[in-house]
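The structure appears below as structure tokens.
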Amino acid sequence: MKIAELLQRRAKLIADARALLDRAEAEQRGLTAEEQQTFDALHADAGKLWERAQREQEQQRLERGLNEALDRVLEPENERASTRAGGPTATPEYRDAFRAMLSGRVSPEQRAVLQVDSDIGGGFIVASEQFINTLLQAVDSLLPVGNLIRSFSVGYEESLGVPTLTGDVNEFSWEAGELTEAEEDTGLSFGKRELKPRALKRKTIKISRRLLESPRMDAEALVISRVSYALAKTKEKALLLGSGAGQPLGLFVASDDGIPTSRDVSTNNTATALTFDGLIEAKYKLKTAYWPNAVWLFHPDAVKQLSKIKDANEQYIWRQGVRNGETTDLLLGRPVVMSDFVPNTFSANQYVGLFGDFSYYWFANAISLSIQRLVELYASTGQVGLLFDRMACDGMPVLGEAFVRVQLAAG
């Protein structure tokens, strides 16, 4: 089913849910038990259609990325010259050999090519840079905020330093005369947390030998699709909830190295629910300079609450996106994205959402992935194991004032 059709069906379900609310309000009563059950079912079905539409968009982005990567491999020799400057694992020869290794059809000459920068004794093969970049693009395409955050590719032991800005340059002053001395500004200061890839545990995935060896199967695309989903979930959870100790620092973790508690807004919310006035407070807590790129981030359970809220003119503040195949809903004029990892415990003092410019969340991915093809270990089941090693990443908010966390009121 096309994305536009999915969104139209979703819009119809949401309209039906709102009709229930409007009818109950016109009769000056709450929803009956039967109406509440219908309302919840309509929202559940609408959520499933939303997820299907997003998956279709993500699949299309992934396919475009794979096609572009393949096109780069098939480009004429003179158009690929610049690729070789990236390092031994960025050459077309290395890419072709790596693809052959995944499918089990690697020649002795190609295996020699793959020994560049690899642990020969252990049998590890360093993944081609094109493979790693395509894998990372696939991961980001599966993340709700994957295309909003700022990503960097670095070496395994490389650091981006301490990017957190805890104090900014003050405004300039006007000169009082020709002999006015330059003023010294001490406002610019940085945090303590270093942005440096943190290692992930090694992981082995098993794939059918026949599937890998089939001439009609793109082994590289298969591996990317399997691994990218698992990595996306890992990255998304860390991006939102990571402790910052040996892992990324999450958006919903209060920290002076990321987003401090001074960026939390609970004013006008209740201890169990979001309110229109509370959302207004959150939006205007963010400086207008960040509004052009700012988006809301909520759990689907919070969206269900938000869909019931009206403004002073009795208009619903939620606007579902059904334009030009877009899956972008609007809240107070800004887009909304959803994630199952956003906190959804609706009780006193809990975080339930966020508003901000996600380009101020930086994520560093290590370009160091190595893969070992385990043939004999799973031979009895007709499978081949692919052991992934040297995977590392890290992330953190680098400017606290670019975000506002939505919090429920104290009990």
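No lab work stands behind these numbers, since they all come straight from the coordinates. The structure presented is a predicted model; accordingly, all values stated were derived computationally and were not measured. Glycine also receives a Cβ, built like all others from the backbone with ideal geometry; neighbour counts cover every protein chain displayed.
Using amide H atoms built 1.01 Å from N in the peptide plane, name the residues 5+ places from Gln383, or on other chains, whose amide H lies under 5 Å from its own.
Hits under the 5 Å cutoff: Arg209.
Apply the Karplus curve 6.51 cos²θ - 1.76 cosθ + 1.60, θ = phi - 60°, to the phi angles in segment 241-250 and return the couplings in whole Hz, x for Gly and Pro.
10, x, 6, x, 9, x, 7, x, 9, x
Taking neighbour Cβ counts within 10 Å as the exposure measure, how do Trp296, Trp174, Trp50, Trp291 sort from fewest upward?
Trp174, Trp291, Trp50, Trp296
When Arg10, Arg198, Arg210 are ordered from fewest to most other Cβ atoms inside 10 Å of their Cβ, what list results?
By the 10 Å Cβ count, ascending, the order reads Arg210, Arg198, Arg10.
7 Å from Cα along Cα→Cβ at both Lys2 and Ala271: what's the point-to-point distance in nm?
About 5.2 nm separates the two model spin labels.
Give me a comma-separated list of calculated 3J(HN,Hα) values for segment 181-196, in order, Karplus coefficients 6.51, -1.76, 1.60 applied at θ = phi - 60°, integers in Hz, x for any Gly or Pro.
Ordered by residue, 3J(HN,Hα) equals 6, 5, 8, 8, 9, 10, x, 6, 8, 10, x, 10, 7, 8, 8, 8 Hz.
Run the numbers for Ala254 and Gln37: contour at 0.36 nm per residue of separation, minus the present Cα-Cα distance, in nm.
Value of the extension gain: 74.5 nm.
Amide H of Asp329: which non-local residues (sequence gap of 5 or more, or other chain) have their own amide H closer than 5 Å, using H built in the peptide plane?
Close amide H contacts, sequence-distant or interchain: Gly321, Val336.
Go through segment 150-161 residue by residue and turn each phi into a ³J(HN,Hα) via Karplus (6.51, -1.76, 1.60, θ = phi - 60°); whole Hz please, and just put x for glycine and proline.
9, 10, 10, 10, 9, x, 4, 9, 7, 10, 8, x
Starting from the amide H of Gly353, placed 1.01 Å from N in the peptide plane, find each other amide H under 5 Å away whose residue is 5 or more places distant or on another chain.
Val406
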